1. Identify, by number, the condition in (1) part of a loop (DSSP other than H, G, I, E, B); (2) more than 21 Å from Pro233 (Cα to Cα) that Asp129 doesn't meet.
2. Identify the single condition in (1) more than 28 Å from Arg271 (Cβ to Cβ); (2) touching a Leu at 6+ places or on another chain (Cβ under 6 Å); (3) among the hydroxyl-bearing types (Ser, Thr, Tyr) that Ser136 does not satisfy, given that it satisfies every other one.
3. Restricting to the range 255-267, and then to whatever is surrounded by 18 or more Cβ atoms within 10 Å (Cβ to Cβ) and small (Gly, Ala, Ser), can you tell me which residue is nearest to Pro233 (Cα to Cα)?
4. When you check Ser200 against the structure, is it buried (at least 21 other Cβ atoms within 10 Å of the Cβ), over 13 Å from the mean Cα position of the chain (by Cα) and of a type in the set (S, T, N, Q), yes or no?
5. Taking the range 6-22 only, how many residues are open to solvent by 30 Å² or more (accessible area, probe 1.4 Å) and farther than 18 Å from Asp63 by Cβ?
6. Taking the range 32-46 on its own, how many of its residues are closer than 25 Å to Gly230 by Cβ and either aromatic (Phe, Trp, Tyr) or open to solvent by 20 Å² or more (accessible area, probe 1.4 Å) (or both)?
7. Which residues, taken from the range 64-101, are assigned to a helix (DSSP H, G or I), among the hydrophobic types (A, V, I, L, M, F, W, C) and open to solvent by 70 Å² or more (accessible area, probe 1.4 Å)?
8. Go through Asp229, Asp313, Asp320 for me and flag whichever is surrounded by fewer than 20 Cβ atoms within 10 Å (Cβ to Cβ), at pLDDT below 95, of a type in the set (Asp, Glu) and in contact with a Leu (Cβ under 8 Å, 6 or more places away or on another chain).
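The values are calculated or read from the model by the stated rules, or taken from the named source; none is laboratory data. On a predicted model such as this, the values are computed, not experimentally measured, just so you know. Ideal geometry is used to build each Cβ from the backbone, glycine not excepted, and the neighbour counts take in all protein chains shown. Areas reflect the complete protein model, heavy atoms only, side chains present, ligands, DNA and RNA absent. Shrake-Rupley method; radii C 1.70, N 1.55, O 1.52, S 1.80 Å.
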Amino acid sequence: MIDDRGPVVHQALLIHRLVELRRGNGLTQERVARSLEWSHAKLMRYEGGTQVLPKADLDALLDLYRVLGSGQGRKLQEIGRRAREKPWWYPHRHALPVEERYYVGLEMGAARIRQCAPALVPGLLRTRDYAHALCSMTDQAGEVERLVDVLMGRQGVMLTRSPVPEQVYVLDEAVLRRIVGGREKPGVMVRQLHHLVERSASVQLHIIPEEAGLHFGALGGFTLFDFDDGLPPVLHTEHRGRVVASKKEGDVHSYAEAFDRLVAEYALDARRSLALIEHHARRLQGRINTAAPGGRAEVHVNSVETSAGAGEDPGVPAGDLLAVSEPRPPPPPLFSAGFGVEVGSE
């Protein structure tokens, strides 16, 4: 079977195996560097993942660790070859910040993706029009199409991977009510909502209703990547405008517990989540349909009714749709203001 996890995850897997070999041979970084007449900084760059290992240097390490020419060594050489390959997004690399390239690389090779999205539809679930509307707000006109193409490419890669990674998403209801596209193009959001309904057949999708109150996800979105082959999971979050990635066990564990709690205690189950999405799609479509003939659709962002009025829609019984087990206090904060480490750090 073709290994399609991409160079970022292959690089991480190679480093993981090489560090295991070094420690298994009772060698320190300093001793390895002296033996190969490298600077200590060079080996640190390799083991820190900030520099891809050339074939010659990889072979030197395999020889020092006494596996060159063995079955194990040949496997590591193949992983190294895949780590040196150019990713599919390489032609668009200048449009992507370094941290976003890292994120896309992790996404491409993950076995499971868990994401909490309190404000916007997650990238892998966006329609082209929705993505275009978002990029048009923050990026230069010349880069918008390129960035949207990259996002569509990410979605295409994910759909063609074998096996397709498990994906679990938790969205705040505010995501469904925020009319991306605005009054001029409310159809963008209607199509996005219908797309979420379609995607719910292949991913796990949970909505946190407004009645659930304050929850951990409201503090900021985050993504958890899990991998095969013994690679440690990676937490990716944005905090105070700073993109942060962490492999620290405590960080990952805290957010994984928080995610599980959101699903179990705050979010609707899959059936009721789907009903809520369909309800918002019908409500918005109704507003578009009743717009004055020849005039623009008068979709007032601030007047969209809250889900408490869901019972007005005959197909959405309020008592069933919005049931949250019972009122509960907001969860305690699980991290301090300065949580996390920069991308690539340990």
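1. Every listed condition holds for Asp129 apart from (1).
2. Only one criterion is unmet by Ser136, namely (2).
3. Ala258
4. In short, no.
5. Residues meeting the conditions: 3.
6. Let us first name the residues in the range 32-46 that are closer than 25 Å to Gly230 by Cβ, namely 32, 43-46.
Then keep just the ones that are either aromatic (Phe, Trp, Tyr) or open to solvent by 20 Å² or more (accessible area, probe 1.4 Å) (or both); that gives 44-46.
Residues in the range 32-46 being closer than 25 Å to Gly230 by Cβ and either aromatic (Phe, Trp, Tyr) or open to solvent by 20 Å² or more (accessible area, probe 1.4 Å) (or both): 3 in total.
7. Val98
8. Asp229
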